[in-house]
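Bear in mind that the values in this text are calculations on the coordinates, not laboratory data. These numbers were taken from a predicted model, which means no experiment stands behind them. Every residue, glycine as well, gets a Cβ built from its backbone with ideal geometry; the counts of neighbours run over all protein chains shown.
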Amino acid sequence: MSHDGDCFLVPGPVRMNSACLEALSTPAITARGSEFRDIMARLNSGLRYAFNLSPSSDKRKNESWSGDDGYKVITVSGSGTAAMEMVMANRFRPNDRVLVPTNGKFGERVAEMGARFCNVKHLKYEWGRAFDFGEIEEQLARGNWEALAICHNETSSGITQDAAELAEMCQRHGVAFILDGITSVGGLPVHPEEWGAEAVVVGAQKCTAGPSGIAAIAVNQRFIDRCIAIRNQDDSNPTYYLDIIPALKKGSDDQTPWTPAINPAMGWAAALETLKEEGLENRWNRCKMLAEGVRKLFLDLGFELLADEFFRSTTVTAILYPEGINDDWRTRLKEEYSTQVIGGQDHLKGKMFRIGSMGETPVSEMIEGCKRMISCFKDFEIDLPEVDVESYF
């Protein structure tokens with residue numbers, strides 16, 4: 001195996017394939033005609049596959065957004081953050097109490113966002129450290145919570161939460177489970193129905209290898225009923241563009257309430273066809289294999305990983321810089337080795353780098369990228385043992 005050209009190994013936005021790029025370049029079409037509704041039906045069907053839901057028709061006028069499991073998918077013309085805001089703003093009332101444990105930047109964003117629309121208690125753990133399940137259990141046992149909301153896969157710190165365990169707690173204590181799956185859906189195991197998740201969010205540009213600026217939500221009937229009840233009680237948060245009620249009214253007709261992101265929807269539909277061709281579990285397994293190879297390689301080279309060992313993500317790996325190295329290394333890696341990874345955020349800026357293993361990243365690109373990273377570290381006079389990079393993958 002060999003890889004020529006640049007190595008793009010960031011945890012989203014990821015590289016898009018030729019079919020996706022070609023779809024993005026389609027000439028303009030009307031948003032309300034049958035042609036675009038055909039695209040929405042394809043997109044809805046593909047989204048249900050990515051969310052690991054029951055299959056649906058990819059033909060318009062056949063309820064492409066729904067299936068036997070009671071979930072519906074809603075496309076949002078905005079980033080994953082917009083989709084998550086739609087969930088929080090519509091599902092909760094200002095006085096609803098929502099528990100949000102976090103161990104990274106994007107979980108903290110869920111807590112900050114939620115505080116605009118409901119009464120959030122933020123359990124703030126150290127970045128990369130696993131949640132204290134005992135504390136969460138103790139909180140939920142008090143019986144006065146409306147929901148638990150989490151960032152499932154935290155790309156800022158390279159950790160994945162034990163969603164199955166948290167879901168079981170929610171079911172036992174009768175609270176809603178809300179999942180920011182922006183960087184997990186399509187890249188690692190997500191089971192909305194099994195977990196009883198009321199809402200799961202995904203962003204196109206992450207594990208499903210679609211374009212930036214478009215996202216989707218999978219919601220079950222309890223979520224829908226609750227949103228409608230809150231609206232009818234006249235106790236809802238103010239929304240307009242992100243009002244979920246018009247989206248629910250338009251969804252069965254393969255439409256969106258406002259002008260949709262037409263070309264991004266085309267591109268995403270094409271990317272999801274590629275996901276179907278690869279197979280959802282096959283993609284999970286490839287991402288896992290790539291991440292496990294990266295982890296073992298850099299541990300053997302003497303590096304330290306940020307996240308707790310038993311909760312490390314399979315779509316991104318957070319690696320601490322050795323002493324004396326900062327983001328000058330990433331700049332050199334990009335400029336002289338045509339290889340891109342991403343740096344740390346907030347208090348970890350300049351202290352670590354992160355390697356993405358999501359989307360359609362081939363093994364050959366990961367191998368070549370790791371070789372270039374090793375060479376770049378040696379340029380900075382970091383003494384590393386000789387390794388056979390291919391053997392790790």
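Need one number: nm distance between label points at Ala28 and Trp258, each 7 Å from Cα along Cα→Cβ, rounded to one decimal.
1.9 nm
Using only DSSP helix segments of four residues or longer, with each worth -39500 (n - 2.57), what per-residue ellipticity at 222 nm results for the chain after dividing by its residue count and rounding to 500?
So the helix-based figure for the chain works out to -12000 deg cm²/dmol.
Calculate log10 I(q)/I(0) of region 134-256 for q = 0.10 Å⁻¹, where I(q) comes from the Debye formula with a single equal point scatterer on each Cα and nothing for solvent.
-0.36
Which of Glu273, Glu292, Glu309, Glu336 has the fewest other C-beta atoms within 10 Å, and how do the rest follow up to the most?
The most exposed by this proxy come first: Glu309, Glu336, Glu292, Glu273.
Give me the net charge for the shell around Arg15: Cβ to Cβ below 9 angstrom, other residues only, Lys and Arg +1, Asp and Glu -1.
Residues near Arg15 contribute -2 overall.
Could you line up His122, His152 from fewest to most neighbouring Cβ atoms inside 10 Å?
His122, His152
What net charge is computed for the residues neighbouring Ser252, neighbours being all others with C-beta under 12 Å from the C-beta of Ser252, Lys and Arg scored +1, Asp and Glu -1? Before the final figure, lay out the partial values.
Values: positive: Arg37, Arg60, Lys61, Lys72, Lys249, Lys250; negative: Glu63, Asp253, Asp254.
Neighbourhood net charge equals +3.
Which percentage, to the nearest 5, of the DSSP beta bridges contained in the chain is antiparallel?
55 percent
Over the chain, calculate the relative contact order: mean separation of alpha carbon pairs under 8 Å at least 6 apart, over the residue count, as a percent.
Working: 818 pairs, mean separation 94.8, N = 393.
Contact order relative to length: 24 percent.
Net charge within 11 Å of Phe223 by Cβ-Cβ distance, Lys/Arg positive one each and Asp/Glu negative one each, not counting Phe223 itself?
Charge balance in the 11 Å sphere: +2.
What Kirkwood hydrodynamic radius, in Å, does region 173-214 give when the mean of 1/r is taken over all pairs of distinct Cα atoms and then inverted?
Values: mean 1/r = 0.0912 Å⁻¹.
11.0 Å is the Kirkwood radius here.
What's the magnitude of the charge dipole for region 18-277 around its Cα centre, counting Lys and Arg as +1 and Asp and Glu as -1 at the beta-carbon? Answer in Debye, nearest 20. Mind dumping the intermediate values first?
On the way: 26 positive and 33 negative charges, 138 e Å.
The calculation lands at about 660 debye.
Just to confirm the number: angle between the C-alpha axis of helix 363-379 and the first principal axis of the chain, 0 to 90 degrees, nearest 10?
50 degrees
Would you list Ile214, Ile228 from fewest to most Cβ contacts within 10 Å?
Ile228, Ile214
Please give the length that would be gained between Lys334 and Lys59 if that part of the chain were fully extended, namely 0.36 nm times their separation in residues minus their C-alpha to C-alpha distance (nm, one decimal).
That pair, Lys334 and Lys59, stretches by 94.6 nm at full extension.
Which aspartates and glutamates have a Cα lying under 14 Å from the Cα of Lys276, excluding residues fewer than 8 positions away in the same chain?
Lys276 reaches Asp58, Glu360.
If you wrap a convex hull around the alpha carbons of region 1-43, what volume per residue comes out, as a whole number of Å³?
On the way: hull volume 5.5 nm³, N = 43.
It is 127 Å³ per residue.
Cross-link list Lys206/Lys334; Lys105/Lys250; Lys105/Lys206; Lys124/Lys288: which exceed 24 angstrom alpha carbon to alpha carbon?
Beyond 24 Å: Lys105/Lys250; Lys124/Lys288.
Select from region 73-153 those GluC sites (Glu not before Pro) which occupy a DSSP coil region and have at most 12 other Cβ atoms within 10 Å, ordered by residue number.
Passing both the DSSP loop test and the Cβ count: Glu126.
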